[in-house]
Amino acid sequence: MSSSGSGGVNVAVVVFPGSNCEHDTVEALSTVDARGELVWHTQLSLEGFDAIVVPGGFAHGDYLRTGAIARFSPVMEAVRQAAASGVPVLGICNGFQVLTEARLLPGALMRNAGGRFLCETVECEVISTSSALTANTSVGQRLRLPINHFEGNYTCAPDTLETLESSGQIALRYVSNPNGSMRSIAAVANRAGNVVGLMPHPERACTALMGSTDGQVLLGSFVQAAADRAGNSGTVAAVAAAGV
Amino acid sequence: MEVSALEGIADPEAATIERALPLLGFDAVGDMRVGRMFRFVVQASDAAAAQAAAEELAHRLLANPVIQRAEVAVHPLESEGAA
């Protein structure tokens, strides 16, 4: 599924030492009419990009904690500013971990319950359509997506969890909880909906050859959100830097 | 500095170790928590300043306050005499 009207969307794909899904991400973005460009983590500006993806991998070797050191990479200040101005920002797997460590998304990703590395295709259900990732989906829609992680066990404080529920920030849940995540959370957004993180890999589900094209539904939505914002830039630039 | 999971936060590594204990005959051992220790030198005017610096480091980098807590203990370096 390609999203009409999103052609020409430029997406920064941030690369840290140890990232390993950046090329897949660029390739997958091309299937939804967007142009992904690799951006090394020492870059200070992300000017000219309509959206940002923090891809999967093992940024900075996952030393200390997943995402803990990537959070302080020079590029993250530009990511923070873009997020605050409403630019769609997507963290996939390790990218999700980086965005939580950077406090751009609430909560944290812990070691999987059961202590096993998980590498399988799971079913996810759309819970909220108020995020950039799920705006073009419908509530209850089910998507088959691959997961590939050791630390995907979503955790947050009880009051944060209630806020996530009540303000529609839970974008996706696992149909069958694979990793112990609170309330089976697979994807969360910030309050404004422009910053989203998920543990499943939509970029690995963008051709029939790979078993599912459901990832295009999500990436297409994300790219469309970027196109819509770029088309209206100036009028929506004042999206508040909503606390997460 | 010792960093470990907050009370109430699942600690799957500790749970896995705990499951192995009965096999080894350690029936009396429980409430396992697994943490990580950081040992480092802080140059500071006194112990309180060193403590404050270490706690700042814990808060900003070494521990994630969403899921972890840090306990700091300051010991003066012997070569520099008692602080």
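Summary of computed values
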{"quantity": "Top-ranked residue in region A:88-107 [being of a type in the set (A, V, I, L, M, F, W, C) and part of a loop (DSSP other than H, G, I, E, B); ranked as farthest from B:Gln68 (Cα to Cα)]", "calculated": "A:Cys93"}
{"quantity": "Odd one out for A:Thr100, checked against (1) surrounded by fewer than 24 Cβ atoms within 10 Å (Cβ to Cβ); (2) touching a residue at least 60 places away in the same chain (Cβ under 8 Å); (3) within 11 Å of chain B (Cβ to nearest Cβ)", "calculated": "(1)"}
{"quantity": "Scan of region A:103-136 for residues that are closer than 18 Å to A:Ser167 by Cβ and either within 14 Å of another protein chain (Cβ to nearest Cβ) or in contact with a helix residue (DSSP H, G or I) (Cβ under 8 Å, 6 or more places away or on another chain) (or both), ordered by number", "calculated": "A:Arg103, A:Leu104, A:Leu105, A:Pro106, A:Gly107, A:Ala132, A:Leu133, A:Thr134, A:Ala135"}
{"quantity": "Matching option when the condition is surrounded by fewer than 16 Cβ atoms within 10 Å (Cβ to Cβ), outside any helix (DSSP H, G or I) and not basic (Lys, Arg), among B:Ser45, B:Ser4", "calculated": "B:Ser45"}
{"quantity": "The lone exception for A:Pro158 - which of (1) away from every other protein chain (no Cβ under 12 Å); (2) free of Cβ contacts under 8 Å to residues at least 12 places away in the same chain; (3) not polar (S, T, N, Q) it fails", "calculated": "(1)"}
{"quantity": "Positions within region A:108-135 being in a loop (DSSP other than H, G, I, E, B) and over 15 Å from the mean Cα position of the chain (by Cα), in sequence order", "calculated": "A:Arg111, A:Asn112, A:Ala113, A:Gly114, A:Gly115, A:Arg116, A:Phe117, A:Ile127"}
{"quantity": "Count of region A:53-66 residues which are of a type outside the set (A, V, I, L, M, F, W, C) and within 9 Å of chain B (Cβ to nearest Cβ)", "calculated": "1"}
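Each value in this text was obtained by applying a stated rule to the coordinates, not by laboratory testing. Only a predicted model underlies this, so the values are computations on that prediction, with no experimental measurement involved. Counting neighbours? That spans all protein chains shown, and the Cβs are built from the backbone with ideal geometry, glycine included.
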